[in-house]
Amino acid sequence: MPSTLGAGPRAVVRVGDGGSVNVATQTMEWALFSEVPKDTVRAVLTIARRRTFARGEVVFHRGDPANALHLISSGRFAVRITTPLGDTATLAVRGRGAAFGELALVSEQHDRSATVQALEAAETHSVLRDDFERLRREHPSVDVILVAILAERVRQLSEQLTEAYYLSADERVVRRLADLADLYEGSVPLPQEALAELAGTSRATVNRVLRDLERRGVVTLGRARIEVEEAERLRPKPI
């Protein structure tokens with residue numbers, strides 16, 4: 001999934017918690033920034049603070065003050081909300097090369113709109129709003145980082161809206177499974193309930209679709225795990 005940027009000169013920078021980030025390596029990880037100049041990405045990484053999370057650890061809760069952007073360098077995170085009925089719904093699963101919490105850099109008035117939880121041992125590079133504002137004053141060009149993240153989020157939301165209007169529940173299940181197969185490299189360690197939440201449908205629909213895919217040899221179902229045997233057969237056709 002991630003795009004590769006040119007490595008450029010190797011450099012190691014210190015980050016806020018005493019860890020170190022190899023800028024040449026980290027620059028290559030961010031699919032979001034494939035069109036952003038490497039020097040600009042490096043400038044943002046110099047102010048980032050390395051954060052590590054254990055499996056199940058909450059990064060922040062919905063309603064918490066928003067004060068930092070997170071760039072994911074390893075592991076995967078679930079973005080969740082609580083519905084008006086009191087149920088928990090997974091909106092997205094994000095992995096290496098993605099970002100979350102970007103609204104923290106847009107305005108001081110934002111509270112977190114969702115809860116983000118680590119699905120496994122994971123690491124992010126956290127960019128505090130105050131640090132980013134100082135960097136913007138010195139290097140206004142770093143705004144392209146925020147533009148790239150927000151543009152990707154708008155693209156994702158537009159795609160989801162189009163799917164909700166024009167695709168059946170079965171098709172949405174297949175699309176979300178294809179996304180997860182890419183994210184987990186074919187072995188998806190999530191229960192069917194999570195796939196149902198991501199597709200906006202019921203567990204019964206997900207189970208029916210998965211059983212059909214299993215009969216056709218596309219997936220193998222296990223306990224809270226889906227092994228995707230033929231990912232190319234899940235590739236969606238353009239809407």
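Some points to look at:
- Over the chain: helical MRE at 222 nm, DSSP H runs n ≥ 4 each giving -39500 (n - 2.57), nearest 500: -11000 deg cm²/dmol
- Here the chain carries DSSP beta bridges of which approximately 100% are antiparallel, counting only pairs with both residues inside.
- For the chain, the alpha carbon positions stretch 57, 40, 34 Å along the principal axes, listed from largest to smallest.
- Degrees separating the helix 169-183 axis from the principal Cα axis of the chain, which is the longest one: 50
- Of the trypsin sites (Lys or Arg not before Pro) found in region 168-212, none is in coil by DSSP with at most 12 other Cβ atoms within 10 Å of its Cβ.
- Seen against the Cα atoms of the chain and their longest principal axis, helix 203-215 is set at about 80 degrees.
- Looking at region 90-131, the GluC sites (Glu not before Pro) that sit in a DSSP loop and have at most 13 other Cβ atoms within 10 Å of their own Cβ are GLU108.
- Charged-residue dipole, Cβ positions (Lys, Arg, Asp, Glu), the chain about Cα centre, Debye nearest 20: 240
- Spin-label model distance (nm) - VAL147 vs ARG134, 7 Å beyond Cα toward Cβ: 2.5
- For region 167-234, the relative contact order is 36 percent, taking Cα pairs closer than 8 Å that sit 6 or more residues apart in sequence and dividing their mean separation by the residue count.
- The chain, relative contact order in percent, only Cα pairs under 8 angstrom and at least six apart counted: 18
- Under the combined filter of DSSP loop state and at most 14 neighbouring Cβ atoms within 10 Å, region 24-131 retains these trypsin sites (Lys or Arg not before Pro): ARG55, ARG62.
- Residues with amide H under 5 Å from that of SER74, placed H, sequence gap 5 or more: GLU123
- Inter-probe distance in nm under a simple model that places probes 7 Å from Cα toward Cβ, at TYR166 and ARG235: 2.0
- Rounded if a/c under 1.5, otherwise prolate or oblate - region 103-239, Cα gyration tensor axes: prolate
- Rounded to 10°, Cα long-axis angle of helix 129-138 versus longest principal axis of the chain: 50
None of the figures in this text is laboratory data; all of them are computed from the coordinates on show. None of the values given here were measured: they were computed from a predicted structure. Please note: Cβ atoms are built from the backbone with ideal geometry, for glycine as well, and neighbour counts cover all protein chains shown.
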